[in-house]
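Just below is one structure, and these are the notes that go with it.
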Amino acid sequence: MEATRTRGLHIPRGLPFVLPYLPFLIVFGIAPTIYALELAVTNVDGSWAGVDNFTRTYDDFRFIPAFKHILVYTVVWLGALMVFVVGLALLLHGRANRVSATYRFLFYIPGALAGAAAVVIWLFMLDPTVSPGAFLLRDLLGASIFAQSIAPGNLPYIFAMIAFWTGAGGWIVVMYGALNTIPPDLEEAARIDGAGPFTIAFRLKLPLIRKWIAYMLILSFALGTQLFVEPEIVQHASFGLVSDTWSTNQLAYQLAFRYADFNGAAAIAVDLLMIGLLGAVVIVTRSGLFRAED
Amino acid sequence: MKLKRRWLVPASLVAVAATTGALVAASTGGASSEKASGSITVWVDAVRLPVAKLYVKTHPKVKVNVVTYDGDGNGATTMQTKIQLWNRTGKGWPDVVFSEQANDPVWMAQPPFDFALNLKGVFPASLLKGWPAPSLAQCTVNGRLVCLQDNLAQEVLYVNKKLMGQFGYKVPTTWQQWAALGAKVAKEHPGYIIGNMGESFSHWLYLWPDRCPISQVVAPKTVRINSADVHCTRMATLLDPLIKSGVVPPESVFTPAFAQKYGGDNDKILLMPGPTWYAKDIFGGTLKVPAGEMTAALPLRWKNEAPTTGQVGGGPWIVSKHTKNVAAAIDFVKFATTSRAVKSKPGALSPGFPSYGPVATMWLKSLNKDTYFAAPPGAAMKAAAGLVWKGWSMVTYPDQPIWSTSVVTQLVAGKALSDQLPALGEGLSNNAKAAGYKVVNK
């Protein structure tokens, strides 16, 4: 009885906070999604098409390669995010405040660049003739010209690196904030019980920020499968050495705007939506993100 | 990394020069028509903007709304997007469009876009005679003339006269002589190059001139793609050792690395097959080859077969079938393509080789006087204009990305061109089918 009453009070209290965003969510989020769902199951003349658009785009020769690219990219990127973001945040949290603030700032800087601008910087970084890291490109990738740096096999890793470099700083700050919510007496109690810094980091802190990690993974997973800007810009800058349908989102874009196939493009968009939702459901149920306090 | 528009684009090479200067210089003459009046909307790229402005200035009776856009260069799909939008809303179409993408008129002429007006019978027939036959053929889709090329981009052989003289080499006239010279250069003067294979359009420079049928529209919506044809394989076999020995590197002239290695400071370009728009802009501008060295020779031919050549672009003008003011729209295209005010000499108003013959003659006369060249390049360019092989059709899908991803990436990795032809054929066939073509592989 008590619980339901407090619950009922929360909604009107929260409403003013979400209200400014609500119209935008409806106009730019929900309405286009419904429109995409409608386009995906209809023909160009508006008649019912069933799953035709889905099977047609699945049979497209670019569909499977694009999903393979995205799969490798997302796995590499999410793996890097998990390990390095959490690892760095834990390391920083153990440092003295001033040191940790400096590092947090340094990690965050690349994230201040807008997505496209960050990619343009990487165009220079990946060109052995001008890159400050030219020796790395030569020794690790065996690349003496830009075209060799962006060889097809390197691409998922390069895009993952760009995305990590621009996005990780923000998440490190978020994770650091999460670590700060852990009551200091918990840590102290663990120390008195004889736990070393590793045990504290992995057995105490890590489980307590699990929900934040899940949150990061859900957002990043959706973002990763919808990769567009990086391959698109590198494709233009390399005069076509990267396919213009490298990622699934690019394929949808090409279908819509080169081949005037909005219905096919919508079908791919719905595929991506489903994958994003599925990923979210798995992560939510596995991590207990929305579970009330145990 | 230089982020220039680089797909086909003759003219985007040239910076948009001071418009006012150009206006003053060119305000004499101009094919002004009495009939044209009313208002039109014209979409142009930055390079064509001075021409549009000059038209506005010299034609006060016509109210011109000039809109600049990216010109669809560099693989952009701006026009596809816009035309779909206009078709959906049923209004807003511009009257005249310029595109940097030579294949744009092909999809513009067909459903679902259905945008281009048939210029046959609308554009003065007496003027049409001034366009070379291959140019008109390229603009003809299903029997309808759907565009007019603003400039031609026929391929010639660029020659570094100074270096050739210094090394005591004779300018080759056939691909065989060229390849033999390449083998010699690799031995006697390693580091020097006789061409390059790293462009998104290199297949237009090396496979098109040998009549390789990988983009041949044989019937409406039917394209012949046979990369196993002898006209493709023999050229690839000829090129393989040259790419391997480094005299035809798989690099692009538009990369900083290329300018550094082969450009003016090192001056390592001996020969280079390239389109007319390379001329002073690429060699003098991008690559900084000093004045008094380069000139153009006739395109190479295969042994003693009849000479044919390739083409790289040649941006077209398209008139909308939705236009309410055909007279003014045609008058504008007439002015932009045939008037002396625009086309008589190389410069900001006319950076590329004019497609309309009578003004091209004047333009070449002026180009020949340019002291940048070691010898007048005009005669070779003029001869090449009529030699473009007509069996390479423009299609609705872009073929350069396929060439780049399936072939250039492999050449960069050290593989042989001959081995990539099957993948090229497959990539092109897949894209053609996805674009709704029936594909013939024989």
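Read-outs: derived from the displayed coordinates by stated rules, not from any lab. In this text the structure is predicted, and so the values were computed from the model without any measurement. Positions of Cβ are generated from backbone atoms using ideal geometry, with glycine treated the same way; all protein chains shown enter the neighbour counts.
Which residues make up the longest stretch of chain B clear of GluC sites (Glu not before Pro) that lie in a DSSP loop with no more than 13 other Cβ atoms within 10 Å, not counting the sites? Counting at most 13 other Cβ atoms within 10 Å as exposed, the longest clean stretch of chain B is B:35-304. Partner shielding of A:247-257 amounts to 2, given as the average count of beta-carbon atoms from other chains within 10 Å of each residue beta-carbon. Size check on segment B:255-397: the Cα extents along the three principal axes, sorted descending, read 56, 35, 30 Å.
Seen through its C-alpha gyration tensor, with square-root eigenvalues sorted a ≥ b ≥ c, segment A:197-276 comes out oblate because a/c lies at 1.5 or above while a/b is not bigger than b/c. Close amide-amide hydrogen proximity is noted between residue B:222 and B:438, each under 5 Å apart and 5 or more residues distant or on a separate chain (H modeled in the peptide plane; Pro and chain starts excluded). Remark: mean inter-chain Cβ contacts per residue of B:408-415 equal 4, using a 10 Å Cβ-Cβ cutoff to other protein chain atoms. Projecting the Cα atoms of A:253, A:32, A:128 onto the dipole axis of chain A, where Lys and Arg carry +1 and Asp and Glu carry -1 at the beta carbon, places A:128 farthest toward the positive end. The stretch between residue B:170 and residue B:288, if pulled fully straight at 0.36 nm per residue, gains 40.1 nm over its current Cα-Cα span.
Length gained on full extension, residue A:18 to residue A:136: 37.7 nm, using 0.36 nm per residue less the C-alpha separation.
Footprinting exposure proxy ranking of B:235, B:294, fewest other C-beta atoms within 10 angstrom first, gives B:235, B:294.
For the residues of B:395-406, the average number of beta carbons from a partner chain within 10 Å of their own beta carbon is 4.
Segment residue B:70..residue B:228, full-extension length gain: 53.2 nm, with 0.36 nm per residue of separation and the alpha-carbon distance subtracted. Its Cα centre serving as origin, chain B has a Cβ charge dipole (Lys and Arg +1, Asp and Glu -1) of approximately 820 debye. Bridging of residue B:91 to aspartates and glutamates at a Cα separation below 20 Å is possible for A:45, B:114, once same-chain residues fewer than 8 apart are set aside. Other residues within the sphere of radius under 15 Å centred on the Cβ of residue A:122, judged by their own Cβ, net out at -3 (K and R +1, D and E -1).
The simple Förster model, with R0 at 60 Å and r as the Cβ-Cβ distance, assigns residue A:105 and residue B:219 a FRET efficiency of 0.40. Using θ = phi - 60° in the Karplus curve 6.51 cos²θ - 1.76 cosθ + 1.60, the 3J(HN,Hα) couplings for segment B:134-144 round to x, 5, 5, 4, 5, 8, 9, 10, 6, x, 10 Hz; x is entered for Gly and Pro.
Let me know the shape class of segment A:32-133, please: from the alpha-carbon gyration tensor, a ≥ b ≥ c as square roots of the eigenvalues, rounded when a/c is under 1.5, otherwise prolate if a/b is greater than b/c, or oblate. Prolate, since a/c reaches 1.5 and a/b exceeds b/c.
When only DSSP loop residues count, what trypsin sites (Lys or Arg not before Pro) in segment B:53-97 have their Cβ near at most 14 other Cβ atoms within 10 Å? Answer in residue order: B:61, B:91. From the Kirkwood radius over Cα pairs of segment B:65-137, Stokes-Einstein at 25 °C and 0.890 mPa s returns a whole-number translational diffusion coefficient of 177 µm²/s. Within the protein assembly as shown, the ratio Rg/Rh, alpha carbon atoms throughout and Rh by Kirkwood, equals 1.03. Between segment A:190-261 and segment B:268-341, what is the C-alpha centre distance in whole Å? Taking the Cα centre of each part, segment A:190-261 and segment B:268-341 sit 45 Å apart. Residue exposure proxy: B:338, A:33, ordered by other Cβ atoms within 10 angstrom of their Cβ from fewest to most, comes out as A:33, B:338. The chymotrypsin sites (Phe, Trp or Tyr not before Pro) of segment A:14-77 that DSSP puts in a loop, and whose beta carbon has at most 11 other beta carbons within 10 Å, are A:21. Suppose every Lys and Arg Cβ carries +1 and every Asp and Glu Cβ carries -1, with no other charges. What dipole size does segment A:62-260 come out with about its Cα centre, to the nearest 20 debye? With Lys and Arg at +1 and Asp and Glu at -1, about 220 debye. Size check on segment A:31-90: the Cα extents along the three principal axes, sorted descending, read 55, 30, 12 Å.
In sequence order, segment B:222-232 has phi-based couplings of 10, 10, 9, 10, 10, 6, 8, 4, 4, 5, 8 Hz under the Karplus curve 6.51 cos²θ - 1.76 cosθ + 1.60, θ = phi - 60°, and Gly or Pro positions carry x.
Between A:226, B:364, B:440, the Cα set farthest toward the positive side of the dipole of the protein assembly as shown (charges on each charged residue's Cβ, about the Cα centre) is that of B:364. Does chain B classify as rounded, prolate or oblate by the C-alpha gyration tensor (a ≥ b ≥ c root eigenvalues; a/c under 1.5 gives rounded; else a/b over b/c gives prolate, otherwise oblate)? In terms of gyration-tensor shape, oblate. For residue A:42, the residues 5 or more places off, or on other chains, whose built amide H falls under 5 Å of its own are A:49. Put simply, the Cα atoms of segment A:62-260 extend 64, 38, 25 Å along their principal axes, the longest span coming first. Taking the square roots of 5 times each eigenvalue of the Cα gyration tensor of segment A:8-63, largest first, gives ellipsoid semi-axes of 37, 12, 10 Å. Between residue B:370 and residue B:245, the FRET efficiency estimated from the beta carbon spacing at R0 = 45 angstrom works out to 0.85.
Please name whichever of B:276, B:176, B:341 sits farthest to the positive end of the charge dipole of the protein assembly as shown, dipole taken about the Cα centre and charges placed at Cβ: Lys and Arg +1, Asp and Glu -1. After comparing all options, I get B:341. Under a 5 Å amide H cut-off, with hydrogens placed 1.01 Å from N, residue B:152 pairs with B:353, B:355 among residues at least 5 apart or on other chains.
From most to least packed by mean Cβ count within 10 Å, the peptides B:102-109, B:261-268, B:143-150 give B:102-109, B:143-150, B:261-268. Ordered by the count of other Cβ atoms within 10 Å of each Cβ, fewest first, B:429, B:350, B:252, A:144 give A:144, B:429, B:252, B:350. With R₀ set to 35 Å, the beta-carbon distance separating residue B:426 from residue B:324 gives a calculated FRET efficiency near 0.15.
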